[in-house]
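To start, the structure itself, in structure tokens.
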Amino acid sequence: MKTLVVYYSRTGTTKTVGKAIAKELKADSDEIIDLKNRLGPVNYIIAGKDATLRKLTKIKVKKKPEGYDMIIIGTPNWGGNITPAVRTYLTNHDLDGKKVGFFCTAGGQNTEKIFEEMKKLTPKSFTAGSLSICEKEMESGDYEEKVKSFTKSLKKQI
């Protein structure tokens, strides 16, 4: 089963987790590039507002998910919401009939709402699992064990 790990990362945290998941699964990976500038304090505030308003954005990716059997999608938690880049990715790509997994990096906020919304955006996909990583786990390195546990459960479904 061909697997793709795709993620959006403004600061690099979600990218670190995405790369770790891809390595464990021996999967391809792809970073979603938001063509709107999200860096800096002012753009950070605008980004949070865009996420809250569930706005879409222009994105760029290198790999098309249609060529994969399982797609693992990662987003940071922006005020309890999916980033506009990930929302756009899930809206613009046909993942019907695919196995999907979700991961989210967060400063400590509950991510269940985010996973529920990601499931709603992929209604004809089979959800293989989800992983939430908080800031403290990133700082301590404990996220690595959670990634291994998550990927172990995904491998059983491949």
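Residues of the stretch 124-139 that are loosely packed, with under 13 Cβ neighbours inside 10 Å and modelled with pLDDT under 95: Lys136, Glu139.
So that you can scan it fast, the table gives a plain yes or no per residue for (1) touching a Pro at 6+ places or on another chain (Cβ under 8 Å); (2) touching a residue at least 40 places away in the same chain (Cβ under 8 Å); (3) not basic (Lys, Arg):
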| residue | (1), (2), (3) |
| --- | --- |
| Arg87 | no, no, no |
| His93 | yes, no, yes |
| Lys99 | no, yes, no |
| Ser130 | no, no, yes |
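Tell me whether the stretch 58-76 contains one or more residues that are assigned to a helix (DSSP H, G or I), farther than 24 Å from Ala20 by Cα and not polar (S, T, N, Q).
Within the stretch 58-76, the subset assigned to a helix (DSSP H, G or I) is 65-67.
Narrowing further to those that are farther than 24 Å from Ala20 by Cα: none.
No: the stretch 58-76 contains no residue that is assigned to a helix (DSSP H, G or I), farther than 24 Å from Ala20 by Cα and not polar (S, T, N, Q).
For the stretch 6-15, the condition holds for at least one residue, the condition being that it is over 24 Å from Lys148 (Cβ atoms), touching a residue at least 24 places away in the same chain (Cβ under 8 Å) and surrounded by fewer than 21 Cβ atoms within 10 Å (Cβ to Cβ).
Determine, yes or no, whether Lys58 is surrounded by fewer than 14 Cβ atoms within 10 Å (Cβ to Cβ) and in contact (Cβ under 8 Å) with a residue 40 or more places away in the chain. Reasoning before the result, please.
Working: surrounded by fewer than 14 Cβ atoms within 10 Å (Cβ to Cβ): yes; in contact (Cβ under 8 Å) with a residue 40 or more places away in the chain: no.
Considered against the rule, which asks whether it is surrounded by fewer than 14 Cβ atoms within 10 Å (Cβ to Cβ) and in contact (Cβ under 8 Å) with a residue 40 or more places away in the chain, Lys58 comes out as no.
Being surrounded by 15 or more Cβ atoms within 10 Å (Cβ to Cβ) and not in a loop (DSSP other than H, G, I, E, B) is true for just one of Ile45, Ile21. Which residue is that? Before you say what the answer is, go through the steps one by one.
Values: Ile45 fails: surrounded by 15 or more Cβ atoms within 10 Å (Cβ to Cβ).
It is Ile21.
Say whether the condition of being in a helix (DSSP H, G or I) and among the β-branched types (Val, Ile, Thr) is met by at least one residue in the stretch 109-130. For the stretch 109-130, residues in a helix (DSSP H, G or I) and among the β-branched types (Val, Ile, Thr): present. Select from the stretch 140-158 the residues that are without any contact (Cβ under 8 Å) to a residue 60 or more places away in the chain and outside any helix (DSSP H, G or I) and write down the one among them that is surrounded by the most Cβ atoms within 10 Å (Cβ to Cβ). Selected residue: Asp142.
The values are calculated or read from the model by the stated rules, or taken from the named source; none is laboratory data. Please read all numbers here as calculations on a predicted model, not as lab measurements. All Cβ positions, glycine included, derive from the backbone under ideal geometry; neighbour counts span all protein chains shown.
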